[in-house]
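The values are calculated or read from the model by the stated rules, or taken from the named source; none is laboratory data. Everything numeric here is computed off the predicted structure, so don't read it as measured data. So basically every Cβ, Gly included, is an ideal-geometry build from the backbone, and we count neighbours across all protein chains shown.
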Amino acid sequence: MCAAGWLAKGRVGYPIVKPGSNCGFGKTGIVDYGFRLNRSEKWDAYCYNPNGKDCGGIFTDSTHVFKTPGYPNEYEDDQICYWHIRVKYGQRIQIDFLDFDLEDDMACMADYLEIYDSYDDVNGFVGRYCGDELPDSIISTGNVMTLKFLSDASVTAGGFQLKYTAIDPPKKNTTIQDNTNYFAGRFGIA
């Protein structure tokens, strides 16, 4: 069981007792989330399934590829994986699906991938995906996203592979003509 808590100078962290490939940076003890960049940013606790295989994690790199546990082989039953993505403040996150094959269920209630435009699985619901149709790319509205993969107790499939990339917001183009028009209008010059 993990619980996030505030550390000195506005940092936040959580304790772990078993590091994984995507959790704990190979160490036990306190994992540091870093500084809260703005007051609206919320922090949660990250807990892992010790029986999972490369299942979940916290990622701050500018790009990373996620796969279901065991990919390209079938994933296992009874998996719950959370991937939390946090890129630099001001950037957005683009998710591109490279391969997608989850249990086909009309209501997407059995095995599914949920994506949230937030750092938890409560707010910012983007969509729930299942079946074998490749979903369209998704771009976040901010610098954090959460992906949740769940498989039930029966029927599995090939899994998925997707890539996220941090993208910079579009820059406003300012031309000489724009500046000329601004000054002309500001000072009444025709």
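Structural remarks
- Filter result (within 17 Å of Ser154 (Cβ to Cβ) and touching a Leu at 6+ places or on another chain (Cβ under 7 Å)) within the range 80-118: Ile80, Leu102, Asp111, Tyr112
- Residue ID - surrounded by the fewest Cβ atoms within 10 Å (Cβ to Cβ), chosen from residues in the range 135-167 that are in contact (Cβ under 8 Å) with a residue 60 or more places away in the chain and of a type in the set (Gly, Ala, Ser): Ala153
- In the range 73-100, the residues that are in contact with a strand residue (DSSP E or B) (Cβ under 7 Å, 6 or more places away or on another chain), surrounded by fewer than 16 Cβ atoms within 10 Å (Cβ to Cβ) and at pLDDT below 95: Ile80, Lys88
- Only one of the listed residues (Leu102, Leu113) is within 16 Å of the chain's Cα centre (by Cα) and touching a residue at least 24 places away in the same chain (Cβ under 8 Å). That residue is Leu113.
- Those residues of the range 125-173 which are in a loop (DSSP other than H, G, I, E, B) and on the phi > 0 side of the Ramachandran plot, in sequence order: Gly131, Val155
- Sub-6 Å Cβ pairs linking a first residue in the range 80-91 that is more than 21 Å from Phe160 (Cα to Cα) to a second residue that is small (Gly, Ala, Ser), at least 6 apart or interchain, are Val87/Ala166; Gln91/Ala166, ordered by first then second residue.
- Answer residue from the range 49-65, given it is assigned to a loop (DSSP other than H, G, I, E, B) and surrounded by 12 or more Cβ atoms within 10 Å (Cβ to Cβ) and is modelled with the highest pLDDT among those: Ser62
- Residues satisfying the stated conditions in the range 117-134, i.e. more than 20 Å from Asp99 (Cβ to Cβ) and surrounded by fewer than 14 Cβ atoms within 10 Å (Cβ to Cβ): Val122, Asn123, Phe125
- Set side by side, the residues Glu103, Glu114 differ, and just one is out of contact with any strand residue (DSSP E or B) (no Cβ under 6 Å at 6 or more places or on another chain) and either outside any loop (DSSP other than H, G, I, E, B) or at pLDDT 90 or above (or both), which is Glu103.
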